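**Q** Sharing a structure here in structure tokens format.
The values are calculated or read from the model by the stated rules, or taken from the named source; none is laboratory data. These numbers were taken from a predicted model, which means no experiment stands behind them. Cβ sites come from the backbone with ideal geometry, for glycine too, and all protein chains shown count toward neighbours. Heavy atoms of the whole protein, side chains included, go into the accessibility calculation; ligands, DNA and RNA do not. Shrake-Rupley method; radii C 1.70, N 1.55, O 1.52, S 1.80 Å.
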Amino acid sequence: MKRKFIYPRFDEDNIIVLEVGESKELKVDIINCKEEPTEELQYSSDDKNIVEISDDGIITGVSVGKANVHSFIYGKSCYLNVKVIEPRKVRLQYTSNGGVTLLAPKNTVEAFRVAADNQFDFFATDVRVTQDRKFVLYSDETLAKFDEEDYIKDCTLEKLESYIYDFISQEGIREYPEAHITSLDEMLKCASQNHQMRLVLRLVDETFIDENNCLLQDIYHLICQYHLEDTIRIASPFKDVLDSFRNISSNMDMGYICDNAEFDDINYLEKKHFMLYWKYSVSNYDVIDTLSQKNIDVDLWNVDDKELRADLMDWPITSVTTNVILVDSSTQRENHKSKRRPLEED
């Protein structure tokens, strides 16, 4: 029989971020150890001028920089990268891109339930118009994911809701046999029953610019029906759509979605009181810094790399949009399997 070695493993991401003066207790799993360890865990930091670590695994940020902390037992070790930054004025927030799509189909109630378990601050979803002028949550123009050639705009809501996901959009085991293409009404109902959720409705359907522009009023009325007008944010890559919605509601939070590296229309955002959702790969630090000085919020999308997410902690942004899991412990996946609760509050 092959011998199983006992070794330690940090129950954390491969990198964590601390502010100067902030402390955090680290947790270490002892792998392949079925009984109480006969040795004590030992800890060390490779740069105590940046990160200190106590004998019981509590790390403290000392000064700005990066360092590695180590844990030792039975002659084996594990390490964790730690980045220390200056204290932020406002906590960096996280926007879920269609829910946690690593574990459930995108833009479904199930995906947002997992996102709620993962402590996201915002829940972004794409809104499209059906043939019968209803609203459905779906990112693509066609049903290619279901091996269908039909366009969303050519299907009724009833037909679309009959499509059951038999796959996970990224990785993982299929665990939601009833997950289906979701209507905006269904998602708003769930959000109204869970005060943790703050939806970002991304109006990505180009028909909102012209022939379906009048339906923006219907979306607003639907939001008001569930009393969510003070918590929902409207976002779109189309300025005409945003301007039209601003004429409908002068108070709702709104944001402009941009994937252009040449963005410089700061005056537009300032005049309209819009925030900016900017694609990270084309973003510009200097422009973001200028926006910050004008108190204009910026969300960078999509930031799925954990180390990159850590590097952005000291950028003058307010949030990042991501597909990844935030609560990334060894038990998180099992926890979400066992809960199976609706998105409503208890």
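**Q** Check whether at least one residue in the range 153-166 is under 14 Å from the mean Cα position of the chain (by Cα) and assigned to a loop (DSSP other than H, G, I, E, B), and report yes or no.
**A** no
**Q** Within the range 180-231, restricting attention to residues that are of a type in the set (Val, Ile, Thr) and outside any loop (DSSP other than H, G, I, E, B), which residue is nearest to the chain's Cα centre (by Cα)?
**A** Ranking the candidates gives Val200 first.
**Q** Scanning for something closer than 30 Å to Val204 by Cβ, within 23 Å of the chain's Cα centre (by Cα) and at pLDDT 90 or above, does the range 76-84 turn up at least one residue?
**A** Filtering the range 76-84 down to residues closer than 30 Å to Val204 by Cβ leaves none.
No - not one qualifying residue is present in the range 76-84.
**Q** Which residues, counting only those in the range 54-100, are among the β-branched types (Val, Ile, Thr) and surrounded by fewer than 21 Cβ atoms within 10 Å (Cβ to Cβ)?
**A** Ile58, Thr60, Val62, Val64, Ile73, Ile85, Val90
**Q** Moving on. In the list Ile53, Ile15, Ile58, which residue meets the criterion of being more than 26 Å from Trp315 (Cβ to Cβ) and touching an Asp or Glu at 6+ places or on another chain (Cβ under 9 Å)? Lay out the reasoning, then the answer.
**A** Numbers: Ile53 fails: touching an Asp or Glu at 6+ places or on another chain (Cβ under 9 Å); Ile15 fails: more than 26 Å from Trp315 (Cβ to Cβ).
One residue alone meets the criteria, Ile58.
**Q** Any residue at all in the range 244-251 that is in contact (Cβ under 8 Å) with a residue 12 or more places away in the chain, more than 22 Å from Leu160 (Cβ to Cβ), assigned to a loop (DSSP other than H, G, I, E, B) and under 19 Å from the mean Cα position of the chain (by Cα)?
**A** No, the range 244-251 has no match at all.
**Q** Related question: Criterion first (open to solvent by less than 10 Å² (accessible area, probe 1.4 Å), in contact with a helix residue (DSSP H, G or I) (Cβ under 7 Å, 6 or more places away or on another chain), of a type outside the set (Asp, Glu) and within 20 Å of Val100 (Cα to Cα)) does Ile223 satisfy it? Step through it out loud before you land on a result.
**A** Numbers: open to solvent by less than 10 Å² (accessible area, probe 1.4 Å): yes; in contact with a helix residue (DSSP H, G or I) (Cβ under 7 Å, 6 or more places away or on another chain): yes; of a type outside the set (Asp, Glu): yes; within 20 Å of Val100 (Cα to Cα): no.
For Ile223, the condition - open to solvent by less than 10 Å² (accessible area, probe 1.4 Å), in contact with a helix residue (DSSP H, G or I) (Cβ under 7 Å, 6 or more places away or on another chain), of a type outside the set (Asp, Glu) and within 20 Å of Val100 (Cα to Cα) - is not met.
**Q** Among the listed residues Lys106, Lys83, identify the single one that is closer than 15 Å to Val20 by Cα and of a type outside the set (Val, Ile, Thr).
**A** Working: Lys106 fails: closer than 15 Å to Val20 by Cα.
Sole residue among the options that is closer than 15 Å to Val20 by Cα and of a type outside the set (Val, Ile, Thr): Lys83.
**Q** Follow-up. Filtering the range 112-125 down to residues that are among the aliphatic types (A, V, I, L, M) and either touching a Ser or Thr at 6+ places or on another chain (Cβ under 6 Å) or open to solvent by 10 Å² or more (accessible area, probe 1.4 Å) (or both), which residue is modelled with the highest pLDDT? Break it down into steps so the answer makes sense when it comes.
**A** So the first thing to find is which residues in the range 112-125 are among the aliphatic types (A, V, I, L, M), and the list is 114-116, 124.
Those still in the list that are either touching a Ser or Thr at 6+ places or on another chain (Cβ under 6 Å) or open to solvent by 10 Å² or more (accessible area, probe 1.4 Å) (or both) too: 115, 124.
Numbers: Ala115: 91, Ala124: 97.
Once the filter is applied, the top-ranked residue is Ala124.
**Q** Being buried (at least 20 other Cβ atoms within 10 Å of the Cβ) and assigned to a loop (DSSP other than H, G, I, E, B) is the requirement here; does Ile317 meet it?
**A** So Ile317 fits the description; yes.
Quick grid of which residues meet (1) in contact with a Phe, Trp or Tyr (Cβ under 6 Å, 6 or more places away or on another chain); (2) of a type in the set (D, E, K, R); (3) farther than 30 Å from Pro37 by Cβ:
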{"site": "Tyr79", "(1), (2), (3)": "no, no, no"}
{"site": "Val90", "(1), (2), (3)": "no, no, yes"}
{"site": "Leu102", "(1), (2), (3)": "no, no, yes"}
{"site": "Gln119", "(1), (2), (3)": "no, no, yes"}
{"site": "Val127", "(1), (2), (3)": "yes, no, yes"}
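**Q** Within the range 188-218, how many residues turn out to be among the β-branched types (Val, Ile, Thr) and over 25 Å from Thr322 (Cβ atoms)?
**A** Going through the range 188-218 one residue at a time, the tally reaches 2.
**Q** Take the range 1-27 and flag every residue that is assigned to a strand (DSSP E or B), within 20 Å of Glu52 (Cβ to Cβ), out of contact with any Leu (no Cβ under 6 Å at 6 or more places or on another chain) and not polar (S, T, N, Q).
**A** Hits for the range 1-27 are Pro8, Ile15, Ile16, Val17, Leu18, Glu19, Lys24, Glu25.
**Q** Here's something else I'd like to know. If I ask for residues that are in a loop (DSSP other than H, G, I, E, B) and either crowded, with 18+ Cβ neighbours inside 10 Å or in contact (Cβ under 8 Å) with a residue 24 or more places away in the chain (or both), which ones from the range 255-290 would you list?
**A** Phe263, Phe274, Ser283
**Q** Give the number of residues within the range 277-301 that are aliphatic (A, V, I, L, M) and either in contact with a Cys (Cβ under 6 Å, 6 or more places away or on another chain) or more than 17 Å from Val90 (Cα to Cα) (or both).
**A** Counting residues in the range 277-301 that are aliphatic (A, V, I, L, M) and either in contact with a Cys (Cβ under 6 Å, 6 or more places away or on another chain) or more than 17 Å from Val90 (Cα to Cα) (or both) gives 2.
**Q** Would you mind telling me which numbered condition in (1) in contact (Cβ under 8 Å) with a residue 24 or more places away in the chain; (2) of a type in the set (Asp, Glu); (3) in contact with a Lys or Arg (Cβ under 9 Å, 6 or more places away or on another chain) Glu25 fails?
**A** For Glu25, the failing item is (3).
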